[in-house]
Amino acid sequence: MGGAAEDSPGNHRARMVLLGPPGAGKGTQAQLLAARLGVPAISTGDMLRAAVAAGSELGGRVESIMASGALVDDALMAEVVRERVAQADTDRGYLLDGYPRTLPQAETLAGILDDAGQALDAVLLVDVPEDELVRRALLRGRGDDKEEVIRERLRLYREKTEPLIGYYRERGLLREIDGNRPVEEVTSRMYAALGVGSGVEG
Ligand code: B4P
């Protein structure tokens, strides 16, 4: 898939989505991949957590929703993402981590891209078995990483987010990556799926 990650000047490098269950390692891989491609990693989870930490109006609206494992309202997420992808650092592309998470969010993203005359290059699905997801989250120990909250996030993932797999597969964008491997191996599989070198071989 040559077009997804070309570094040629004047050309965009990549507009991608990382999809997968909570705790699959989307955030971990987004940082590595974004650095390699020279585009920002945009994590809606990190943006919401920063808003909570800053005590902003947005933070006040989402704090209890996130603590319970529920999803933040699609309309509110649309505002957050529309504003973020309009910033100057996204002119060569971006890597969305944790957005979209519902079919309406996928339609919103399609609209944002259409309005800008842009398109997605790829959607990377990082998949990991459920027991491993719970193990990782309990090890991570974030505020919302309590077992009952993790199980609720996983239930919502299956109900609301999994349908996006078919949505993007039908559009020919889906690349599936086994996330149940050491971090470096997952990264190399992503590079292979996108046809980019690791960047360390010179
Ligand atoms: P997110 O911040 O997106 O959190 P996540 O899905 O739990 O994490 P991720 O998959 O990125 O895993 P990570 O790399 O950290 O969402 C949090 C909350 O925000 C949601 O529940 C929701 O309330 C809200 N929200 C966010 N976006 C939203 C949206 N679009 N709509 C509505 N609500 C939204 O990895 C997990 C752990 O595993 C880490 O400790 C990591 O070190 C470890 N790990 C990673 N890769 C590994 C590997 N290969 N092997 C072993 N361990 C690994």
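Structure data summary
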{"quantity": "About the Cα centre, charge dipole magnitude for the range 54-202 (Lys/Arg +1, Asp/Glu -1 at Cβ), debye", "calculated": "220"}
{"quantity": "Under-5 Å amide H pairs with Asp144, H placed in peptide plane, nonlocal only", "calculated": "none"}
{"quantity": "Modelled FRET efficiency - R0 25 Å, Arg158 with Asp46, Cβ distances, 0.05 increments", "calculated": "0.60"}
{"quantity": "Helix-only mean residue ellipticity at 222 nm for the chain, each DSSP H run of n ≥ 4 adding -39500 (n - 2.57), per residue, nearest 500", "calculated": "-15000 deg cm²/dmol"}
{"quantity": "Amide H contacts of Ala122 (H built 1.01 Å from N, under 5 Å, at least 5 apart or other chain)", "calculated": "Arg15, Val17"}
{"quantity": "Sequence of Asp145, Asp89 once ranked by neighbouring C-beta atoms within 10 Å, starting from the fewest", "calculated": "Asp89, Asp145"}
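Taken together, the values in this text are just the output of simple stated rules run on the coordinates, not laboratory data. Predicted model, so just to flag it, every value in this text is computed and none were measured. Neighbour counts are summed over all protein chains in view; Cβ atoms, including those assigned to glycine, are modelled from backbone coordinates with ideal geometry.
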